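Here's the structure we're looking at; comments come further down.
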Amino acid sequence: MDWLTTKIPVGKTASDVFKWLQMHGKGIFDTISTMMEGLINGILWVLQTPHPLVIIGCFVALTWYLQRNWKTALLVFVGFLFIMNQGYWKNTTESLTLVLSACVICMTIGVPIGIAVAHRPKLYAWMQPVLDLMQTLPTFVYLIPAIVFFGLGMVPGLIATVIFVLPAPIRLTYLGISTTPQPLLEAATAFGATPSQVLWKVELPYALPQIMAGLNQAIMLSLSMVVIAAMVGANGLGVPVVRALNTVNTALGFESGFIIVVVAIILDRMLKLERK
């Protein structure tokens, strides 16, 4: 029964793997870091170079285009004006940069994977435990290898955010594609549609609300990571929250936390798409 009292070296094995990767994968991690820094700097430049009112106008116009609802557009406009009034515009653009970067990466990876596993149910069954692990493992655990491989700053925060967020677009894309009504698929096939035509003209249009829900979830989950990302040097709305926590500053904590809520409401209302 000695084997019951002998500790399985889970932590040591993980540490050895990370050390091996750090030693032999430096070039790969440097390339990934450079690409992500380029994406972050590009989005940050777009959001911070023009006058804030220009960016607000673009968000309002995009909201009108997506929702065709003047009340939603007005909500977005008032929300951004409130953020400017509170003096959090720079922090907000930095957090939006992290959120948008994470969403670009997650949707680029997650939607194709979701489509692939929707056509291969056995593959999805094998992937489910991995997706569960990605979302249930404490997010602070992601930060340790992220810091080891990428140092401090926005990149490790982005890496941890992507790992945490990626399962959402995969699962919702899978749900949308796999629940496409069979009569629609049979009708398309009967009219001579190829598999790619069925995908682009039947499955994806039907699954679009689910895919947009996946994008919505990706944004909300990314926003939930801004405070954690601030702990590894990422700029944004998480910085004043961490500062308020360290100094027990109730006013600063509530103020910055409320701004995060306003940003979440704005993005949620902008991208809410229902099946008609």
Task: Enumeration of residues in region 217-228 that are open to solvent by 60 Å² or more (accessible area, probe 1.4 Å) and assigned to a helix (DSSP H, G or I) - done: Q217
- [ ] At least 3 residues that are within 23 Å of L252 (Cβ to Cβ) and free of Cβ contacts under 8 Å to residues at least 60 places away in the same chain in each: list the helices (runs of 4 or more DSSP H) lying fully within region 32-126 that qualify.
- [x] 70-85, 89-118
- [ ] Looking only at region 200-211, count how many residues are closer than 16 Å to L172 by Cα and hydrophobic (A, V, I, L, M, F, W, C).
- [x] 4
- [ ] For L131, state whether it is assigned to a helix (DSSP H, G or I), surrounded by fewer than 19 Cβ atoms within 10 Å (Cβ to Cβ), free of Cβ contacts under 8 Å to residues at least 60 places away in the same chain and touching a helix residue (DSSP H, G or I) at 6+ places or on another chain (Cβ under 6 Å).
- [x] yes
Open item on the list: Here are the criteria: (1) closer than 17 Å to V263 by Cα; (2) open to solvent by 40 Å² or more (accessible area, probe 1.4 Å); (3) of a type outside the set (K, R). Tell me which single one H24 does not satisfy.
Closed with: (1)
TODO: Would you confirm whether any residue within region 164-177 is surrounded by fewer than 22 Cβ atoms within 10 Å (Cβ to Cβ), at pLDDT 90 or above and over 30 Å from T92 (Cβ atoms)?
DONE: yes
Task: Matching residues in region 133-162 - criterion: being within 16 Å of the chain's Cα centre (by Cα), modelled with pLDDT under 80 and closer than 12 Å to M231 by Cα - done: T139, L143
Open item on the list: Of everything in region 215-271, what is under 25 Å from L66 (Cα atoms), touching a Phe, Trp or Tyr at 6+ places or on another chain (Cβ under 8 Å) and among the β-branched types (V, I, T)? Give them in sequence order.
Closed with: I259, V262, I266
Open item on the list: Being open to solvent by 30 Å² or more (accessible area, probe 1.4 Å) and either modelled with pLDDT of 85 or more or outside any helix (DSSP H, G or I) (or both) narrows it down to one residue among G214, G253, G257, G233; which is it?
Closed with: G233
Task: Candidate set: region 31-52, residues that are open to solvent by less than 90 Å² (accessible area, probe 1.4 Å) and more than 22 Å from the chain's Cα centre (by Cα); chosen: the one nearest to F82 (Cα to Cα) - done: P52
- [ ] From the list V242, V198, V248, pick out the single residue that is free of Cβ contacts under 8 Å to residues at least 60 places away in the same chain and within 30 Å of V148 (Cβ to Cβ).
- [x] V242
Task: Candidate set from region 178-211 (those that are in contact with a helix residue (DSSP H, G or I) (Cβ under 6 Å, 6 or more places away or on another chain), open to solvent by 40 Å² or more (accessible area, probe 1.4 Å) and not hydroxyl-bearing (S, T, Y)); member that is farthest from G233 (Cα to Cα) - done: L184
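The values are calculated or read from the model by the stated rules, or taken from the named source; none is laboratory data. Since we're looking at a predicted model, the values are computed, not measured. All Cβ positions, glycine included, derive from the backbone under ideal geometry; neighbour counts span all protein chains shown. The area values use the complete protein model at the heavy-atom level, side chains included, leaving out ligands, DNA and RNA. Shrake-Rupley method; radii C 1.70, N 1.55, O 1.52, S 1.80 Å.
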